[in-house]
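The values are calculated or read from the model by the stated rules, or taken from the named source; none is laboratory data. These figures come from a predicted structure and were not determined experimentally. No Cβ is skipped: glycine too gets one built from the backbone with ideal geometry, and neighbour counts run over all protein chains shown.
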Amino acid sequence: MTTKYTKNLTSILEMLWNIEKDLNLIPYNETEKKIYYIIAWHISTYDECNITDVIKNSGFSRSTVYKTIKKFESAHLLLIKQSQGDKREFNLVLAN
């Protein structure tokens with residue numbers, strides 16, 4: 001690896017660490033962080049995200065996604081709200 005590449009990689013990793021620290025994601029494992037980032041990406045791209053979207057985009061099992069979302073809800077990182085359009089679905093809202 002080149003020195004410039006190493007410096008750039010280190011800088012990116014520091015930024016990611018700071019983002020995770022600001023979002024209170026430090027205590028979560030990589031699977032949980034990926035689920036959080038998928039939710040954030042889906043909301044920023046489509047203005048909404050439901051549990052089915054997370055399952056489809058993450059490749060994780062339904063059980064893993066549900067457990068992680070419940071964990072985030074308990075930690076007040078996100079809210080779960082029933083969809084107005086489809087009462088069987090629940091939308092995810094990131095907490096501030």
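Just a few scattered comments:
- For beta carbons closer than 6 Å, sequence separation of 6+ or different chains, a first residue in the range 72-96 that is closer than 19 Å to Asp47 by Cβ and modelled with pLDDT of 90 or more and a second that is assigned to a loop (DSSP other than H, G, I, E, B) and of a type outside the set (Gly, Ala, Ser), the qualifying pairs are Asn91/Glu48; Leu92/Cys49.
- Top-ranked residue in the range 37-64 [being among the aromatic types (Phe, Trp, Tyr) and either surrounded by fewer than 16 Cβ atoms within 10 Å (Cβ to Cβ) or free of Cβ contacts under 8 Å to residues at least 24 places away in the same chain (or both); ranked as nearest to Asn24 (Cα to Cα)]: Tyr37
- Top-ranked residue in the range 1-23 [being β-branched (Val, Ile, Thr) and under 29 Å from His76 (Cα atoms); ranked as modelled with the highest pLDDT]: Ile12
- If the condition is being more than 12 Å from the chain's Cα centre (by Cα) and not β-branched (Val, Ile, Thr), then the range 58-72 contributes Gly59, Phe60, Ser61, Arg62, Ser63, Tyr66, Lys67, Lys70.
- Restricting the range 52-64 to residues that are in a helix (DSSP H, G or I) and hydroxyl-bearing (Ser, Thr, Tyr), the residue that is nearest to Gly85 (Cα to Cα): Thr52
- Any chance Lys67 is assigned to a helix (DSSP H, G or I) and surrounded by fewer than 18 Cβ atoms within 10 Å (Cβ to Cβ): yes
- Count of residues meeting criterion [over 14 Å from Asp53 (Cα atoms) and either in contact with an Asp or Glu (Cβ under 8 Å, 6 or more places away or on another chain) or of a type in the set (Phe, Trp, Tyr) (or both)] in the range 78-93: 2
- Screening the range 32-51 for residues that are in a helix (DSSP H, G or I) and polar (S, T, N, Q) and picking the one that is farthest from the chain's Cα centre (by Cα) gives Thr45.
- Pair list, Cβ < 8 Å and 6+ apart or interchain, from the range 17-30 residues that are over 17 Å from Thr64 (Cβ atoms) to residues that are of a type in the set (D, E, K, R) and outside any loop (DSSP other than H, G, I, E, B): Glu20/Lys33; Ile26/Glu20
- Taking the criterion of being surrounded by fewer than 14 Cβ atoms within 10 Å (Cβ to Cβ), in a helix (DSSP H, G or I) and either under 11 Å from the mean Cα position of the chain (by Cα) or among the hydrophobic types (A, V, I, L, M, F, W, C) (or both), the residues of the range 19-30 that qualify are Ile19, Glu30.
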